[in-house]
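The values are calculated or read from the model by the stated rules, or taken from the named source; none is laboratory data. Predicted, not measured: the structure shown is a model, and the values here were computed from it. Backbone-built Cβ (ideal geometry, glycine too); neighbour counts: all protein chains shown. SASA here: full protein model, heavy atoms, side chains in, ligands and nucleic acids out. Shrake-Rupley method; radii C 1.70, N 1.55, O 1.52, S 1.80 Å.
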Amino acid sequence: MIRYIIVRTIWVFIVLISVLSINFSLLKLAPEYPPTEEEAREIYYARQVSDGYMELTVITDPDRIRSLVAGEEVACTHPKCYIVRGESRWLVYTPVPISVQYVNWVRNVVFDWNWGVSTRLSVNTPAFQVLTDRIPVTLRLNLISLAFYIPIGFLLGILAALKKNTKIDDAISLGVMVFISVPSFVTMTVLVMVFGYWLRVLPAQFPASDALGIVQYTGMILPVLGLSFGAIAGLTRTTRAELAEVLTSEFVLLARAKGLTYRQSVLRHAMRNSMVPLVPDIIGSFVGLLSGSVIIELIYSIPGTGRIFLRALEASSYDYNVILVTTAFYTTIGLFAVLLVDLSYGLVDPRIRMGAKK
Amino acid sequence: MSEKNTTNIPKEQFEFVQQDSKIFDKEFETKPIGYFQDAMIRFVRNKTNVIATSILLVIVLMSVFQPILTSKNYVNLEPAVAFLPPRVPILENFGIADGLGSFQDQPVILDSINESTGFGGNPIGYNPEFILDESREYYTIGCSDFNTLCQGGEAVLRLDSSNPAITVATTQVFNFTAAQRSVLSINVTDLDVDANKVFEVYVRPNPAEPFVLISTINQPGLSEINVFDALGAESIESFSSSVRLRFASDDRFDFVAISSIELTQDGSDAPVASLEGQPLVMNLRSLNLPGEGGAIVRQNATIQMMSFEYRSYDAVFGLRPSNGFPISQYNEIVAANPACVRTENPTNPNGWLLGEGCPIVEVISENAGVVVGGVSFGSYNVVIDYALLNGYDSIPYFLFGTTNAGRDLFSLIWVATRTSLLIGLIVAGINISIGVLFGSISGYYGGNVDIIMQRFSEIIGRIPFLVILAIFIALLGAGIQTLVFILIVSGWIGVAYVTRTQFYRFKGREYVLASRTLGAKDMRLIFRHILPNGIGTIITASILLIPATIFAESTISYLGFGIGHGTSFNFLGFEFSGVSVGVLLADGRQELITRPYLTVYPAIVISILMITFNMFGNALRDALNPSLRGSL
């Protein structure tokens, strides 16, 4: 068991490092988008040098500068060069090879927790801080959704399984089909349209952080609903399938034959056993919620991590450091959720022997 | 399985069939039922699924044929017909989808307001003729814009966080004369009485010298400043100067509000120069002196608004007079239309009528023309039937309305569905091919090959969607290429997994062993022996990949990272529009409040498409693989 946990954890780190490395190297191949303002740009390039991503060559030789100005000589052939053309002093910033940048980047991240600075969103702010400012909103939203959808999903699933092949089951199954199929941005748009604009009972946009107390809470209703519908449908479907299967199994029949009431046999025997695959499912669904909240944050103008990710990805003004740190955040959460899922199988059901051979 | 009553049959009615006959080499009299026939029977038995499949079929057929058959425009930009609301025959008689556009918060043209009542008036940019009179509603709302529609209100000089003072000057110059006792009145409506703030008024009697302080206002209300008294006795007789106002305070974000600046003479009540409301705000400009700054804003101003219902279709396509219609254009239209036969108009001798079916109904009069370089430029005043001019026999019906570019939303939705379906099919096809190949190799060879390939697919599968999105967007930019790559990167893994399982199941079977003993190569074993046996399961498992792909595609396009208007892609030699349902919904998001139909219809269509496709996929899987029935 211990060995299994260690192996799985190491594996998670291997995947995490691979994903981040692929991400870093590929983004380094893409065109650069430094800050637009001159002053901010110089600070940015100076920092690139101190972080070890670029080299600075200072040219003070007047003859050399004259020939550079005349165009007889090229200061730098690298497409990502940045040149400050002064009267008597030229500063030439040249990127070092990507492999060296990668080593420096790993060193910066591991030893200094330096993820670089934002280049477009909030210029020259540490990218990690840009992210951490947004995490609370996103996490709050997702955790509330989690707390909201689990009981409802369970209840509907149990109801459907107990009333299998009745009108109630049909209705629930239809609802499940609809909400699993309809993309969440459609659900969210319709919710905003109906409750925000037509009935005007709920805010049509996420309230600002200084809004009045009650508005803060009502502002959470629509995004939580938008996030939950799909998740409820998924959980209902799984619960129904699992419970329906367990209900037909022999040990439930045996429990009834022993003289337990229907309620006892369902609650004590069927339900408990059907939970086994559901617990990992729920942990896994958190990842789904998190990436689903990106689009919800866009529609409802929520200042969360998803919104910051999308803004960092705005056409032709990419903010790579913010993209990197945000994707690192999503990847880490995703991978540790997977790890938890793997481990939880063994914890919920001792019959499953973790890491056993054959 | 008919539902006959089979429970209460008396015993004596039973008899043994074939009791005395020998049946061991008798032919079956019933037809054998093959695997697919059997599946078909199972498929048809579920009525809900049959209905869903029929709807899906209708959607697919519509998406293929509707764009080809429609006469309406869904490609070109036609601003004239933009934003027409939905209009449906028959339903329009019941007040649903009747082509009436309802508009809220439209500013009223000030000149058109009835002067005696102060109400009434017409909105900007709409033809009053087509406004339903009973639907007109007028109201005023606050505004702070610096334009002429915004009426009244005060100018506010507001300090910002970094500046302790602001100085503004009027752009208008006032004429002060000592003989006429010029009095400058400034009405301050909001100013806290406090020692830490000053509000000063300056004028400049001598253009060569700096501005001179004439008054310090320290309380709200009307302050009258006798300019020449303030300047002192020895000052000049008359001068012209702008007025400067300086406000300084220790408090950040402090402000002063003034509602008017007036110049009166000879003690008269009627001012010779007056600035208030709109002119006041427009007339003040911040000087941005060193160490000073802040902003001039407007408050308590109002704007006259109206809401109304508008016969948008009549406004675009109805009969309307058009003045100054160029004769050259007139000649072109008449030449192109055989129906345009000129007949005399008995009631109007200056003009003439044109025959039925001609886009130009009537010429009312001719305007005097000019001759430039031998070419004459003249114009007519005409009445035009805009429906005919735009190529419609009568006022057209846009069932779902038109978009911001004047495209028919009904056609556009089917074009978009076609694009979505096509991308779904292409991407699912690619994913299935990759997945089957990968899964076959991994499953067939097993051992270390399998372990390495499994680890590879695990890493790929663990990359979050957002990371893939970010990498491809940054490297390739948004577009069809990016979209397809994003969908392919990890889309094949599910299929590969199923295929691998199938290979593990079949590769040890005797017929494979027999074939191998006969000398069959790996490729032959994989593609001729093992794969065909597992293909049923693989296909049913991958059918649902198509709706899943459409789902993902619409999401990416909605975020603006996929395809969009004006793009197109080539598949098998055909050009396909780059508009997908996600794109339409993203467009609709801009108009969510005012034109919900732009969101509602695409949302309905994609929902139905997804629901029916999923139901179809599930039904197909249940029919082909009854053992999987009811599973996920």
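Set side by side, the residues A:SER274, A:SER265, A:SER228 differ, and just one is among the hydroxyl-bearing types (Ser, Thr, Tyr), in contact with a helix residue (DSSP H, G or I) (Cβ under 7 Å, 6 or more places away or on another chain) and farther than 30 Å from A:GLY292 by Cα, which is A:SER265. Of the residues making up the range B:150-195, those that are part of a loop (DSSP other than H, G, I, E, B), small (Gly, Ala, Ser) and touching a residue at least 12 places away in the same chain (Cβ under 8 Å) are B:GLY152, B:GLY153, B:SER161, B:SER162, B:ALA178, B:ALA179, B:SER182. Screening the range A:127-185 for residues that are among the β-branched types (Val, Ile, Thr) and over 22 Å from the mean Cα position of the chain (by Cα) and picking the one that is nearest to A:VAL276 (Cα to Cα) gives A:ILE158.
Filtering the range A:16-47 to residues that are touching a Leu at 6+ places or on another chain (Cβ under 9 Å) and within 16 Å of A:VAL92 (Cα to Cα) leaves A:GLU42, A:TYR45, A:ALA46. Do we have any residue at all in the range B:542-563 that's open to solvent by 70 Å² or more (accessible area, probe 1.4 Å) and away from chain A (no Cβ under 14 Å)? No - not one qualifying residue is present in the range B:542-563. Within the range B:457-475, the set of residues being under 26 Å from the mean Cα position of the chain (by Cα) and at the interface with another protein chain (Cβ under 7 Å from one of its Cβ atoms) comprises B:PHE465, B:LEU466, B:ALA470, B:ILE473, B:ALA474.
Only residues that are open to solvent by less than 30 Å² (accessible area, probe 1.4 Å) and touching a Pro at 6+ places or on another chain (Cβ under 8 Å): list them for the range B:189-212, please.
Result: B:LEU191, single match.
The set of residues in the range A:15-54 that are of a type in the set (Val, Ile, Thr) and surrounded by fewer than 14 Cβ atoms within 10 Å (Cβ to Cβ) comprises A:ILE17, A:THR36.
Which of the following residues is at pLDDT 85 or above, surrounded by 19 or more Cβ atoms within 10 Å (Cβ to Cβ) and over 22 Å from B:PHE65 (Cβ atoms): B:GLY519, B:GLY588?
B:GLY588
Considering the conditions (1) more than 26 Å from the chain's Cα centre (by Cα); (2) loosely packed, with under 14 Cβ neighbours inside 10 Å, A:CYS81 is excluded by exactly one of them, (2).
Residues checked against (1) open to solvent by 40 Å² or more (accessible area, probe 1.4 Å); (2) more than 11 Å from chain B (Cβ to nearest Cβ); (3) hydroxyl-bearing (Ser, Thr, Tyr):
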{"site": "A:ILE282", "(1), (2), (3)": "no, yes, no"}
{"site": "A:VAL287", "(1), (2), (3)": "yes, no, no"}
{"site": "A:LEU290", "(1), (2), (3)": "no, no, no"}
{"site": "A:ILE308", "(1), (2), (3)": "no, yes, no"}
{"site": "A:ARG311", "(1), (2), (3)": "yes, yes, no"}
{"site": "A:ALA315", "(1), (2), (3)": "yes, no, no"}
{"site": "A:ASN321", "(1), (2), (3)": "no, yes, no"}
{"site": "A:LEU324", "(1), (2), (3)": "no, no, no"}
{"site": "A:VAL341", "(1), (2), (3)": "no, yes, no"}
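Filtering the range B:95-130 to residues that are of a type in the set (Phe, Trp, Tyr) and either modelled with pLDDT of 80 or more or surrounded by 15 or more Cβ atoms within 10 Å (Cβ to Cβ) (or both) leaves B:PHE103, B:TYR126, B:PHE130. Would you check if there is a residue in the range B:565-576 being crowded, with 21+ Cβ neighbours inside 10 Å, farther than 14 Å from B:LEU421 by Cβ and in contact (Cβ under 8 Å) with a residue 40 or more places away in the chain? No - not one qualifying residue is present in the range B:565-576. Of all the listed residues (B:ILE593, B:ILE604), the sole one being assigned to a loop (DSSP other than H, G, I, E, B), open to solvent by 30 Å² or more (accessible area, probe 1.4 Å), free of Cβ contacts under 8 Å to residues at least 60 places away in the same chain and within 12 Å of another protein chain (Cβ to nearest Cβ) is B:ILE593. With respect to the conditions (1) in contact (Cβ under 8 Å) with a residue 40 or more places away in the chain; (2) open to solvent by 40 Å² or more (accessible area, probe 1.4 Å); (3) in a helix (DSSP H, G or I), A:GLN205 falls short on a single one, namely (3). Being within 14 Å of chain B (Cβ to nearest Cβ), within 21 Å of A:GLY334 (Cβ to Cβ) and not small (Gly, Ala, Ser), is that true of even one residue in the range A:124-133? Yes, because at least one residue in the range A:124-133 is within 14 Å of chain B (Cβ to nearest Cβ), within 21 Å of A:GLY334 (Cβ to Cβ) and not small (Gly, Ala, Ser).
Are any of the residues in the range B:614-622 facing chain A (nearest Cβ under 10 Å), buried (at least 17 other Cβ atoms within 10 Å of the Cβ) and within 30 Å of A:ALA204 (Cα to Cα)? Within the range B:614-622, not a single residue is facing chain A (nearest Cβ under 10 Å), buried (at least 17 other Cβ atoms within 10 Å of the Cβ) and within 30 Å of A:ALA204 (Cα to Cα).
Looking only at residues in the range A:239-255 that are crowded, with 21+ Cβ neighbours inside 10 Å and within 18 Å of A:ILE180 (Cα to Cα), the one that is farthest from the other protein chains (Cβ to nearest Cβ) is A:THR239. Does at least one position in the range A:66-76 carry a residue that is part of a helix (DSSP H, G or I) and surrounded by 15 or more Cβ atoms within 10 Å (Cβ to Cβ)? Yes, that holds for at least one residue. Of the listed requirements (1) under 26 Å from A:ARG237 (Cβ atoms); (2) open to solvent by 20 Å² or more (accessible area, probe 1.4 Å), A:SER181 misses just one: (2). From the list B:SER328, B:SER376, B:SER365, the one residue that fits, being at pLDDT below 80 and more than 28 Å from the chain's Cα centre (by Cα), is B:SER376.
Restricting attention to the range B:373-389, which residues are among the aliphatic types (A, V, I, L, M) and open to solvent by 70 Å² or more (accessible area, probe 1.4 Å)?
Selection gives B:VAL375 alone.
Hey, could you check the range B:225-264 for residues that are free of Cβ contacts under 8 Å to residues at least 60 places away in the same chain and part of a strand (DSSP E or B) and say which is most open to solvent (accessible area, probe 1.4 Å)? For the range B:225-264, the residue satisfying everything is B:ASN226. One residue stands out in the range B:266-294 among those that are open to solvent by 40 Å² or more (accessible area, probe 1.4 Å) and not in a loop (DSSP other than H, G, I, E, B): the one that is farthest from B:VAL108 (Cα to Cα), namely B:ARG285.
Restricting A:VAL123, A:VAL110, A:VAL130, A:VAL100 to residues that are free of Cβ contacts under 8 Å to residues at least 40 places away in the same chain, of a type outside the set (Phe, Trp, Tyr) and out of contact with any His (no Cβ under 9 Å at 6 or more places or on another chain) narrows the list to A:VAL110.
From the list B:ILE468, B:ILE452, B:ILE459, the lone residue that is exposed (fewer than 14 other Cβ atoms within 10 Å of the Cβ) and either at pLDDT 85 or above or in a helix (DSSP H, G or I) (or both) is B:ILE452. Scanning the range B:178-188 for residues that are open to solvent by 30 Å² or more (accessible area, probe 1.4 Å) and modelled with pLDDT under 85 returns B:ALA178, B:ALA179, B:GLN180, B:ARG181.
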